[in-house]
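None of the figures in this text is laboratory data; all of them are computed from the coordinates on show. Everything numeric here is computed off the predicted structure, so don't read it as measured data. Don't worry about glycine lacking a Cβ; one is built from the backbone with ideal geometry, like all the others, and counts go over all protein chains shown.
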Amino acid sequence: MFAQLGDHIFQGLKTPSSMSDNEAVKYAQIQRINDKPTIQPTGTELKEIRLSIVYSIDFCEPSDEIAALKKSMRNLEVLTYLTGEGQILGKYVITSVDTTIQQCDANGRVERASVNVNLIESPSQETTEPAGRALTSQNPVPEPPAQPIPAPAVEITRDIAEAKTKVSGIKQTVTKIKGKTTELKRGVREVRQMANDAQQLYASAKTKVEATKKIVQRASQLPTSLGEALKYAENLATLDDAVDISVLELGAIQLSESAHKLSTHAAPVAGFAGTKEAGN
């Protein structure tokens, strides 16, 4: 993930093509007789950020993305800006959303648009607590207990379960396309996105299986099954918009059958996940 602004997530193909920020300090000039003025810092200017993003129908619904940004702007929402590394840059409001439509279909539906989002810092109005409060408080708040880190066996079964959910979504979308309740181009885009998600989950699970010898001993068939599922997911994730419906349906069936086989082969790992040796 590149960054997150409130509920707006910028990642993958939605990553801004450019980002600029502006910070400045204010100075007052103090006049002096027969000499140059001296300067006195009087504070800092509000930080500003400008994001340039290109939305395309190939990976999202441009109109929906733009409408969501404009809604946050019109509602005067104060949004936390978080980088992909987990660093909080502060709270910001959207001051403008400048949109350039680059391509539409025959019905006027936006297929590609470039968007410039301008942000300005919104400093917190909360009063600062006095220093030394932790020493003077008679009722210190205890730290919450640390959350356990998921063991590899738990993570693998979780990846496979999430991927199976994506596969179920693919089958539902194919059914909608065949029933003409979803247009082919939009349906293929949804299938491609879900297949890409499944591909990443299967790749993640395969890496964890191959890196953990004890799990591999209990799941000797998983590497092969994961490789097969990964291949079918890759096939669907790279489909062309104009693909024939029979090819789309066959790919969904192959991935569905592979996902079922994979769940069966993952059963020994699921049993191992609940043992002390697996870290539970």
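Peptides 224-237, 64-77 ranked from most to least packed give 224-237, 64-77, packing being the mean of other C-beta atoms within 10 angstrom over each peptide's residues. Averaged over residues, the count of other Cβ atoms within 10 Å places the peptides 112-121, 153-162, 173-182 in the sequence 153-162, 112-121, 173-182, highest first.
The residues Tyr81, Tyr92, Tyr27, Tyr202, when put in order of fewest to most other Cβ atoms within 10 Å, stand as Tyr27, Tyr81, Tyr92, Tyr202.
For the stretch 152-273, list log₁₀ I(q)/I(0) at each q in 0.10, 0.13 Å⁻¹, using the Debye formula over Cα point scatterers of equal strength and ignoring solvent, two decimals each. Per q value, in the given order, log10 I(q)/I(0) is -0.30, -0.48. For Thr80, the amide hydrogen comes within under 5 Å of the amide hydrogens of Gly6, Tyr92, counting only partners 5 or more places away or on other chains and with H modelled in the peptide plane.
Between Ile245 and Arg32, the distance separating the two model label sites (each 7 Å from Cα on the Cα→Cβ line) works out to 8.3 nm.
Going from the fewest other Cβ atoms within 10 Å to the most, the residues Ser168, Ser18 appear in the order Ser18, Ser168.
In this rough spin-label picture, where each label sits 7 Å from Cα along the Cβ direction, the Arg74-Ser96 distance is 1.9 nm.
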